[in-house]
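One structure below.
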Amino acid sequence: MSRFIERHPIWSLVILLAVACLAWLIIAVWPPGLEEAVGRKKVFLSAVFNGITLGGLYFLVASGFTLIFGLMRNVNLAHGSLYLFGGYVGYGISTATGSWILAFIAAFIVVAVVGVLLQLLVFRRMEGQDLRQTMVTIGLSIVFADLMLWAFGGDFYQIQTPAWLVGPVQLPLMTAMKSSGEAVFLQYPLVRLVIFCGSVVIGVLMWLALNRTRVGMIVRAGVDDREILAATGVQIQLVFVLVFALGAGLAGIAGVVGGTFQSISPGEDTRFLLASLVVVIVGGMGSIPGAALGAVIIGLAEQLGSVYIPTYAIVVTFLIMVLVLALRPQGLLARR
Amino acid sequence: MRRVGFAVVTALLLSGTAAFAQEKIKVGVTATLEGTYTVLGEDGMRGHVTALNVLGKKVGDKELEFVVASTDATPDSAVRAVRKLIEQDKVQILLSPLSGDEGIAVKNFAKTHPELTFVNAASGAQETTYVDPAPNFFRFNMDGAQWQVGLGKYAYETKGYRKIATVGEDYSFIYTQVFGLALEFCGLGGKISSRQWVPLGTKDFASVIAALPDDVDAIYLGLGGADAVNFLNQYQQAGGKAHLMGGSIMIDQTILSSKGNAKNALIGTIAASGQADTWEDPRWQKFVKAYQDSFPPEKRFPSPSLLATNYYDSTMALILALREVNGDLSDNQSKLKAALAKIEIDAPNGKIKLDSNRQAIGTNFVTEVVDDGKGALFSKVVKVIPDVNQTLGYDAATFAKIGLPSRTVPECKKY
């Protein structure tokens, strides 16, 4: 941190000012002039919160994607299908048992098993052949999409939010002051906050596991040099299978999350594959903190865009990607 | 020798198709079986199948053969599907398409095949038949604006709404719906304080919901399919409590029988459409029965959606017109086209005839959503308005001055 400030004093100042501005926008009651110029504070604040919580969902999908890529140099373009499949499994379990939590566990396990099968039956046979793996995963994603359309139909499914999570919660953030001097606070859907906290916890756990445990050390070593790691006697294939299972399982969990606060239907697979590609490109391939940063940036861009420039909202995301590719092609937080 | 053999085979194949064509009339059908409007497309096809069950597939000594192609509500997908049906499957008649933007594209495409006949399946953008209509394109359903007739008046006079906001999908059909609503509601003195447009296929409505104004009497929702369900779900999570008004595909069985309880926010919502679920009319009741008998309960809605009704009506019009000319498709199908132009069908949702642009003049319904006590939601008839034409009762010159439906047209004033 201090080294960054020493090296880039001007950038640090700009970032600091931007953070201060944002903090003021979020905490202060907006003066009437500002409200007239850019709209009500409630709208802005909701868009910011929505962007961050949507970022949480994007992070769940993209972290698995980036983890698999980081270790195996394998661009798994069937990742979106794993997301969608997780959503369907979660729906099935939650309607059968009525338990939302159980849906997460089941989706994680089932999709992780699919991931293991993919690794054992497909990727292991074409290790190191990037192009072939990419083509095969594209093919698989098309086959999976049609299989799921066949099994679940074109209907859209929504996973029932548990009763204790339905409805809004009042946040200690003022959006306006009534003429009587009484403060109006922001009402925000509870389920989105809970899901966001969940993804933060998962992100932190993943970071800790990667950086503070022995298995994490092996995975990191594998990212740097697979051959040497294998030569030291580590069962690299087992590590691959574990990482693939974890990455796929995370996509499954994300499917349940997506089915809860949005909905799942055919086509969602490619949408989330595209989203995680953009997130990972912006954040840096193979980096977990990069995926988190990229997810929040893309989520915010989508939500703020949809409120303030609705016509061009879709373009904003890709504009960010183009900018990152032009200025820092390795991604914002890439290690190398 | 080989070449001779090839020639023989080709000749055999050709004679085969010729003999085939004498007995069959090939009709291409498109429906949105992918994407946001999948559920709408599926129920449209149910309406189509119901019509075949009721009317049969025989036209004189010929038999109708249907080829189905899937689209995703985008204009290019519709043109691609129609082109495939014509060029690959060699269909002679088209029953297409389902959605607004598709309709405009298919109408334009129809002009490149003047020899064929196009019967609109369900699309409802105004432009399709109002601007530069294709002489071989026939629409037996009303457009989005006609389907909103009566809603503005009911909202203003009976419900006492004075100021509303609208949220709609950003494409031609919803523009047309808001057009119809705004003309009537604003004409009476109502105000529309904001119009929000969201892309078709929007998943995250949270920011749109946050941007809804607080100081309005009601919020009009012009959404359909997955978008509508996503909106309602997130609206419930955000604790929304405003009065709602609905467009024709919002207050429809495609949404009213969706899974989950978010749809309960719609109870009491007023809407207008080309049909009402609980209409007493015997023809309607007969159609509902035929629809229910055609499919097992878990494979259909409790009652047909607007799309099922539209597909039923257009299939019915086509079959009746074909029977009138005894399946004669000679002379570039001119007899069939003439028959379609003047046919008057006794549809389940009221009598339908075509105007000089080959656009339907029909019956419209103002409805209110009710709970049947067992958790199923239906649209209940409030008012039936017969003989609604495309210019909504305005004379042609005044109507032309309003302009074409768009994000900002019409202005909220009396024309």
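The values are calculated or read from the model by the stated rules, or taken from the named source; none is laboratory data. Computed from a prediction, not measured in an experiment: that's the story for all the values here. So basically every Cβ, Gly included, is an ideal-geometry build from the backbone, and we count neighbours across all protein chains shown. The accessibility values were calculated without ligands, DNA or RNA, using every heavy atom of the protein model including side chains. Shrake-Rupley method; radii C 1.70, N 1.55, O 1.52, S 1.80 Å.
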Exercise for the section: Specify which of the listed residues (A:48, A:61) is within 14 Å of another protein chain (Cβ to nearest Cβ), surrounded by fewer than 24 Cβ atoms within 10 Å (Cβ to Cβ) and within 23 Å of residue A:317 (Cβ to Cβ). Expected result: A:48
Problem - Within region A:152-183, considering residues that are open to solvent by 50 Å² or more (accessible area, probe 1.4 Å) and touching a residue at least 60 places away in the same chain (Cβ under 8 Å), the one nearest to the other protein chains (Cβ to nearest Cβ) - result: A:160
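Just the residues that are of a type in the set (Gly, Ala, Ser), assigned to a loop (DSSP other than H, G, I, E, B) and open to solvent by less than 10 Å² (accessible area, probe 1.4 Å), please, taken from region A:218-264.
If the condition is that a residue be of a type in the set (Gly, Ala, Ser), assigned to a loop (DSSP other than H, G, I, E, B) and open to solvent by less than 10 Å² (accessible area, probe 1.4 Å), then A:263 is the only one that fits.
Going residue by residue through region A:91-101, is there one that turns out to be more than 18 Å from residue A:253 (Cα to Cα), open to solvent by 70 Å² or more (accessible area, probe 1.4 Å) and within 22 Å of the chain's Cα centre (by Cα)? Even if it seems obvious, please write down each step before you answer.
Let us first name the residues in region A:91-101 that are more than 18 Å from residue A:253 (Cα to Cα), namely none.
No: region A:91-101 contains no residue that is more than 18 Å from residue A:253 (Cα to Cα), open to solvent by 70 Å² or more (accessible area, probe 1.4 Å) and within 22 Å of the chain's Cα centre (by Cα).
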Exercise for the section: Would you check if there is a residue in region B:139-147 being in contact (Cβ under 8 Å) with a residue 12 or more places away in the chain and touching a Lys or Arg at 6+ places or on another chain (Cβ under 6 Å)? Expected result: no
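Please go through region B:23-33 and pick out each residue that is touching a residue at least 40 places away in the same chain (Cβ under 8 Å) and either open to solvent by 30 Å² or more (accessible area, probe 1.4 Å) or not assigned by TED's automatic domain parsing to the domain that holds residue B:320 (or both). Can you show your working first?
First, pick out the residues of region B:23-33 that are touching a residue at least 40 places away in the same chain (Cβ under 8 Å): B:23-32.
Scanning region B:23-33 gives B:23, B:24, B:26.
Go through region B:71-91 and report how many residues are among the polar types (S, T, N, Q), crowded, with 17+ Cβ neighbours inside 10 Å and not in a helix (DSSP H, G or I). Steps first, please.
Here is the first cut: in region B:71-91, the ones among the polar types (S, T, N, Q) are B:71, B:74, B:77, B:88.
Narrowing the set further to residues that are crowded, with 17+ Cβ neighbours inside 10 Å leaves B:71, B:74, B:77.
Then keep just the ones that are not in a helix (DSSP H, G or I); that gives B:71, B:74.
Summing the residues that are among the polar types (S, T, N, Q), crowded, with 17+ Cβ neighbours inside 10 Å and not in a helix (DSSP H, G or I) in region B:71-91 gives 2.
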Problem - Filtered residue count, region B:394-415, keeping only those that are closer than 22 Å to residue B:192 by Cβ and either among the charged types (D, E, K, R) or part of a loop (DSSP other than H, G, I, E, B) (or both) - result: 15
Handout entry: Residue in region B:274-287 that is open to solvent by 10 Å² or more (accessible area, probe 1.4 Å), assigned to a loop (DSSP other than H, G, I, E, B), of a type in the set (Phe, Trp, Tyr) and more than 14 Å from chain A (Cβ to nearest Cβ) present
Key = yes
Handout entry: Criterion violated by residue B:294 - all others in (1) within 14 Å of another protein chain (Cβ to nearest Cβ); (2) hydroxyl-bearing (Ser, Thr, Tyr); (3) open to solvent by 10 Å² or more (accessible area, probe 1.4 Å) satisfied
Key = (1)
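With the condition kept exactly as written, say whether any residue in region B:43-52 is within 14 Å of another protein chain (Cβ to nearest Cβ) and of a type in the set (Lys, Arg).
Of all residues in region B:43-52, those within 14 Å of another protein chain (Cβ to nearest Cβ) come to B:43-46.
Among the residues that remain, those that are also of a type in the set (Lys, Arg) are: B:46.
Within region B:43-52 (the criterion being within 14 Å of another protein chain (Cβ to nearest Cβ) and of a type in the set (Lys, Arg)), the answer is yes, since at least one residue qualifies.
State which residue is nearest to the other protein chains (Cβ to nearest Cβ) when the search covers only region B:20-37 and only residues that are at pLDDT below 85 and farther than 18 Å from residue B:79 by Cβ. I'd like the intermediate steps shown before the answer.
From region B:20-37, those at pLDDT below 85 are B:20-23, B:34-36; that's our starting set.
The next check asks that each one be farther than 18 Å from residue B:79 by Cβ; those that pass are B:20-23, B:36.
Working: B:20: 30, B:21: 33, B:22: 36, B:23: 33, B:36: 8 Å.
The selected residue is B:36.
So how many residues does region A:23-60 have that are at positive phi and not assigned by TED's automatic domain parsing to the domain that holds residue A:258?
Restricting attention to region A:23-60, the residues satisfying the condition of being at positive phi are A:39.
Next, only the ones that are not assigned by TED's automatic domain parsing to the domain that holds residue A:258 stay: none.
The total comes to 0.
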Exercise for the section: Go through (1) assigned by TED's automatic domain parsing to the domain that holds residue B:75; (2) crowded, with 24+ Cβ neighbours inside 10 Å one by one and return the number of the condition residue B:101 breaks. Expected result: (2)
